[in-house]
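Peer 1: Encoded as structure tokens, here's the structure I'll be asking about.
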Amino acid sequence: LFPGAFNCCTKISDEIPKGILRRVERFEIQKAHGLCHLEAVILYIENKKFCVSPRIRKVKNLMKKMKHKTHRRKLHVRKQRRTRITKKKKTEK
């Protein structure tokens, strides 16, 4: 009946381990209005959701850092080297 009701956090955690914070891919902020009656930050990690309090200092710092990131690189991916293009010299006849 209410599609938004299933996306709300009903319980929030006041603590979160650093290991989980390091693996966060993205986050959403849930405001307390309508069907969602709690203020929360929803952290997404490998298709899992964690609902935490927005008042945790570690979470605030994470949101500031991730706010400016447009793309999060995968860990342990090696960049390819750029090959240098050299111009061939014209030979005189």
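Peer 1: Between residues in segment 45-69 that are outside any strand (DSSP E or B) and residues that are open to solvent by 30 Å² or more (accessible area, probe 1.4 Å), which pairs lie under 6 Å by C-beta distance while being six or more apart or on different chains?
Peer 2: What qualifies is Ser53/Ile12; Ser53/Asp14; Pro54/Glu39.
Peer 1: May I ask you to list the residues in segment 9-35 that are part of a loop (DSSP other than H, G, I, E, B) and in contact (Cβ under 8 Å) with a residue 12 or more places away in the chain?
Peer 2: Of everything in segment 9-35, those that are part of a loop (DSSP other than H, G, I, E, B) and in contact (Cβ under 8 Å) with a residue 12 or more places away in the chain turn out to be Cys9, Thr10, Lys11, Ile12, Asp14, Glu15, Ile16, Arg23, Val24, Glu25, Gly34, Leu35.
Peer 1: Restricting attention to segment 2-12, and to residues there that are modelled with pLDDT of 80 or more and surrounded by 13 or more Cβ atoms within 10 Å (Cβ to Cβ), which single residue is farthest from Phe50 (Cα to Cα)?
Peer 2: Cys8
Peer 1: I need the full set of residues from segment 28-65 which are within 10 Å of the chain's Cα centre (by Cα) and open to solvent by 50 Å² or more (accessible area, probe 1.4 Å), in order please.
Peer 2: Scanning segment 28-65 gives Glu28, Lys65.
The values are calculated or read from the model by the stated rules, or taken from the named source; none is laboratory data. Quick caveat: nothing in here was measured; it's all calculated off a predicted structure. Virtual Cβ from ideal backbone geometry, glycine too; neighbours counted across all protein chains shown. For accessibility, only protein heavy atoms count, side chains too; no ligands or nucleic acids. Shrake-Rupley method; radii C 1.70, N 1.55, O 1.52, S 1.80 Å.
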